[in-house]
1. So how many residues does the range 16-37 have that are surrounded by 15 or more Cβ atoms within 10 Å (Cβ to Cβ) and either modelled with pLDDT under 90 or closer than 14 Å to A92 by Cα (or both)?
2. Give the residue that is nearest to the chain's Cα centre (by Cα), with candidates limited to residues of the range 140-163 that are modelled with pLDDT under 90 and not in a loop (DSSP other than H, G, I, E, B).
3. Residues in the range 48-95 that are assigned to a helix (DSSP H, G or I) and among the charged types (D, E, K, R): how many?
4. Counting just the residues of the range 106-130 that are surrounded by fewer than 18 Cβ atoms within 10 Å (Cβ to Cβ) and hydroxyl-bearing (S, T, Y), which one comes out modelled with the lowest pLDDT?
5. So for the range 97-105 (the condition being in a helix (DSSP H, G or I) and surrounded by 15 or more Cβ atoms within 10 Å (Cβ to Cβ)), does at least one residue qualify?
6. Any chance the range 176-187 includes a residue that's within 29 Å of T37 (Cβ to Cβ), within 20 Å of the chain's Cα centre (by Cα) and loosely packed, with under 15 Cβ neighbours inside 10 Å?
7. Give the range 43-60 a look and list any residue that's closer than 17 Å to L76 by Cα and in contact (Cβ under 8 Å) with a residue 40 or more places away in the chain, or say none.
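The values are calculated or read from the model by the stated rules, or taken from the named source; none is laboratory data. All of these numbers come straight from a predicted model, not from anything done at the bench. As a convention, Cβ positions derive from the backbone with ideal geometry for all residues, glycine included, and neighbour counts pool all protein chains shown.
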Amino acid sequence: MTAVEMKDAIARTRRGVAAGVRAFYARPMGWFALLVTSASLAYAGGGAMFWFHAIYRGENGPPISDVWHWLFDSTLGFVGLTPALFLILPGALWAVDRVRFARAKTAIYVAVVGVGFGVVTGPGPFLHDTLVGRNAFLGRLAVDILGRDPAVAARAVEEHSTLSEMALQVVVGTPVYVATALLALAFVRMIARRGARG
């Protein structure tokens, strides 16, 4: 393939991606799906991953109550990762459109959303410790605003390599995000059916 042909193929791909994203968000249901899926992955999936990292593995988080910590981390995830989902959801729909078997469409959709989101969250443990860890600015600010929890402060903080935490985020997080993407899809479909009947 020549350089000109490569440039032309890249330009066609960009136009196709832009058209797919525009088509997905041309209807209000696309935006609703983004909001519901992002909330489900960030808060339900984020809750499971909060338990895994903060409680089970003993991450280096701010010494605030577990509920506040989950809400804080999940809200940061919701804000920071919704732009990635903005592209992942139309991509998942594109993948579904290439599947001929109707029964496989739901599985393909939630798999693409869950795996895509799981991979995107891979750097999460590094970013968490850097931005909102125990001694980071946002971590200290969270303690100032939400209060110090003596029980959480007394917990032993386990030392884990950043690389192992990032790998576990993807390996453990992906099935969690597939499951929460399925929950989000079920809710969006239920609302869409009600809207169609009303």
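1. 8
2. T162
3. 2
4. Looking at residues that are surrounded by fewer than 18 Cβ atoms within 10 Å (Cβ to Cβ) and hydroxyl-bearing (S, T, Y), I get T130.
5. The answer is yes; a qualifying residue exists.
6. Yes, there is a match, as at least one residue in the range 176-187 is within 29 Å of T37 (Cβ to Cβ), within 20 Å of the chain's Cα centre (by Cα) and loosely packed, with under 15 Cβ neighbours inside 10 Å.
7. Those that are closer than 17 Å to L76 by Cα and in contact (Cβ under 8 Å) with a residue 40 or more places away in the chain: A44, G45, A48, M49, H53, E59, N60.
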